[in-house]
1. Calculate, for residue A:142 and residue B:139, the FRET efficiency according to 1/(1 + (r/R0)^6) with r their C-beta to C-beta distance and R0 35 Å; round to the nearest 0.05.
2. Separation between the residue A:102 and residue A:55 pseudo-spin-labels, each 7 Å from Cα along Cα→Cβ, expressed in nm?
3. For residue A:7, place a label point 7 Å out from Cα along the Cα→Cβ vector, do the same in each other copy, and report the separations in nm, one decimal, smallest first.
4. Under the rule of -39500 (n - 2.57) per DSSP H run of 4 or more residues, summed and divided by the residues of chain D, what mean residue ellipticity at 222 nm is obtained, to the nearest 500 deg cm²/dmol?
5. Which single residue of chain B puts its beta carbon nearest to the axis of rotation relating B to A, and what distance, in whole Å, does that give?
6. Which residue, D:93, D:59, D:22, has the most motion in a Gaussian network model of chain D that connects Cα atoms within less than 10 Å?
7. In a Gaussian network model over chain C where Cα atoms closer than 10 Å are linked, find which of C:24, C:91, C:108 has the largest mean-square fluctuation.
8. Relative to the first principal axis of the alpha-carbon coordinates of chain B, what is the inclination of helix B:29-44, with its axis defined by its Cα atoms, in degrees from 0 to 90 and to the nearest 10?
């Protein structure tokens, strides 16, 4: 049985800063918007990243991927959705989509894979070492 | 027998603009540096992207991926290498590495996958439609 | 008697992308946020920039200035205020402040000065050539 | 008698990342390039910023200004010149120009004004407190 992942939504308006001379949003900027989605997902779930860092838990990015489906343009209102795909050992996988907020048209989908580490970037098995933090992160995914 | 891909080199110095509050280069900026590598690869090979565009050939990004191996910091001198992995139908796959220019330490490796299209973003089979441009692009890879 | 300028408000959350290795918001990014302020000011006033461009009116930036009062950090919620200082001949002067939305603490204040031009970047005296557009822009300032 | 200020040169190629949907370099990015000019000026003069920071001297930006003279476009090779205008008390004023490296055409001119502080951002009178560092900074200007 598939476990459904709760999605969290945030939004950003594409400004000239985000576009390029092809007159579309510069492809790299969607991955910057993934950070907005991730940040707001954690805040909305009640376990903001600032609090994780206070708990001594870091989530450095170890891999990103993004597929481009259609181009967003200047002044488009972008809906970013983010969700936790899984938490496994010292790894968190997060999924994203960027869509036109008005039409629902898909611009991109992608992922970021994060290590779970201490401030010295040593991997930590969250479930064993910080069971409370692990429960909070699982709650982001499931609730 | 494996075909070796010719690598092209360019460089960039990490400035504060490239870093983030984790005191390392912000992960997204390496993918921006891939564009430098791609741009210089085409220029060095004698078929700059501006000339491709003049020939009516566009290469929109359809997918990117990046793996993070070690963090670059402020003032590091980054060597970007770029190479064409393959040209197939209306698709070009380009590979990249970013290393410390002095020590050779690997920061990231990644790829960008591009469509080959006309200015209306319609895919074109380069080999059939623009055999001369195809030969030039193959030469980037092989020579 | 001083004419009061109507202020328009927008907001942005500082993410890692916005910060630098000094662990504060990178100074240049406030000027990018000015664009958000300007864009939302025009939208809120009922004369969005996309509509101006449709009317054949461009507002290229001819000068910017920014003074830094205190540093914003990661995860701060930034309130951007923007207002039109004046419209004179073919020039629009826009003022900005960025403050902490919760505490009101001032981060920066600045301005952007824009030409009013046609799509060929030729200056146009808005009041004479497009009196309706001029009235709309004056309304942004005063209402 | 006017004291001539030694200029230091660096260069950057405009890529799509630097441009916007107006098909020119996004105005804010020149100010990012000022940082390249400043960084290379200090390095070329023999007193790189990393060394200043090791000496306990920080130079936070307190004001920037930029005037836009003509637009740079994709693939333009930009020559950045930077020079120290003056060092006075706990303030350093730096001037910049961005030109087309091939034609000499002026794109922008601007300045950044910096405080001279300790790592706690307390102003320090360089001449009195760190006379050696002061001499090095004066040498950047004069030599």
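1. Once rounded, the FRET efficiency stands at 0.05.
2. The modelled label-to-label distance comes out at 4.0 nm.
3. 3.7, 4.1, 5.4
4. Computed ellipticity for chain D at 222 nm equals -7500 deg cm²/dmol.
5. Residue with the nearest Cβ, plus whole-Å distance, for chain B: B:65, 2.
6. Judging by the Gaussian network model, the answer is D:22.
7. Sorting by GNM fluctuation, first place goes to C:24.
8. The angle comes out near 50 degrees.
We did not get these values from a lab; they are worked out from the coordinates using the rules stated. Values in this document were obtained by computation on a predicted structure and should not be read as measured data. Neighbour counts are summed over all protein chains in view; Cβ atoms, including those assigned to glycine, are modelled from backbone coordinates with ideal geometry.
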